[in-house]
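Here is the structure we will look at.
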Amino acid sequence: AQSVSQHNHHVILSEAASLELGCNYSYGGTVNLFWYVQYPGQHLQLLLKYFSGDPLVKGIKGFEAEFIKSKFSFNLRKPSVQWSDTAEYFCAVQSSGAGSYQLTFGKGTKLSVIP
Amino acid sequence: GAGVSQSPSNKVTEKGKDVELRCDPISGHTALYWYRQSLGQGLEFLIYFQGNSAPDKSGLPSDRFSAERTGGSVSTLTIQRTQQEDSAVYLCASSLLGFNQPQHFGDGTRLSIL
């Protein structure tokens, strides 16, 4: 069975600091990788996705993530965070081996940005 | 455009009662998923509907949980004889059919069992 590990439960940063959230997954086959964000009181929104091709993917709001196949990692980055980035971030994996294509999520990382 | 719609947004009920949660997917999306988000467990897959195919129920935690999807659109998740451990946010997502289709989530139903 596949699993997703997010290394940080809660990250606190000052505005303009750089962000990197770690995500590792376990699955040996073909995967799609996602980062979702959940702002306070809102629903899960897709931040970015990787299906194939360039392992460096860019998403909304200045976020990017890099897929490193050899490390089974898909870390999320942003050069300079803003207070509005305060939210919970979820890494998710979708495998080609699971016929129903359900997402397997990490436990989430709560990001607090201090003005 | 309209997103995934879930109702009710909040539900409080007594232990032992049955509850029904509703999901209205994005128009044209033939794939529909139910997930559960609870403290300590994170987001867990429950059930998947794909067009007219038999649903994938592999994530349902017990036989008290069931779901149906009528007419390939609206879905209802039913929990019978609710227990306190059923308290969670139940999320519905929909997508176009296929491996490379991102899932779009609704706002969820927050279920509290007293």
Select from the range B:61-88 the residues that are surrounded by 13 or more Cβ atoms within 10 Å (Cβ to Cβ) and of a type in the set (Lys, Arg) and list them in ascending order.
B:Arg64, B:Arg69
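Say we look at the range B:63-85 and pick out the residues that are out of contact with any strand residue (DSSP E or B) (no Cβ under 9 Å at 6 or more places or on another chain) and not acidic (Asp, Glu); which of these is nearest to the other protein chains (Cβ to nearest Cβ)? Walk me through how you get there before you give the answer.
Filtering the range B:63-85 for residues out of contact with any strand residue (DSSP E or B) (no Cβ under 9 Å at 6 or more places or on another chain) gives B:63, B:71, B:81.
Now narrow it down to the ones that are not acidic (Asp, Glu): B:71, B:81.
On the way: B:Gly71: 20, B:Arg81: 26 Å.
It comes out as B:Gly71.
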Looking for something in contact (Cβ under 8 Å) with a residue 12 or more places away in the chain and charged (D, E, K, R) - is there at least one such residue anywhere in the range B:51-63?
no
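Inspect all residues belonging to the range B:95-105 and state whether any of them is more than 10 Å from every other protein chain (Cβ to nearest Cβ), buried (at least 16 other Cβ atoms within 10 Å of the Cβ) and under 11 Å from the mean Cα position of the chain (by Cα). Spell out how you get there, then give the answer.
Keep residues of the range B:95-105 that are more than 10 Å from every other protein chain (Cβ to nearest Cβ), which gives B:96.
Right, trim to buried (at least 16 other Cβ atoms within 10 Å of the Cβ) and you get none.
Checked against the condition, which is being more than 10 Å from every other protein chain (Cβ to nearest Cβ), buried (at least 16 other Cβ atoms within 10 Å of the Cβ) and under 11 Å from the mean Cα position of the chain (by Cα), the range B:95-105 yields no hits at all.
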For the range A:87-108, check the following and say yes or no: at least one residue is more than 12 Å from every other protein chain (Cβ to nearest Cβ) and of a type in the set (Asp, Glu).
no
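Filter the range A:1-22 down to residues that are under 18 Å from B:Gly40 (Cα atoms) and outside any loop (DSSP other than H, G, I, E, B) and give me whichever is modelled with the lowest pLDDT.
A:Ser3
The values are calculated or read from the model by the stated rules, or taken from the named source; none is laboratory data. What you see is a predicted model, and the numbers here were worked out from it, not measured in a lab. All Cβ positions, even for glycine, are placed from backbone atoms using ideal geometry, and neighbour counts span all protein chains on display.
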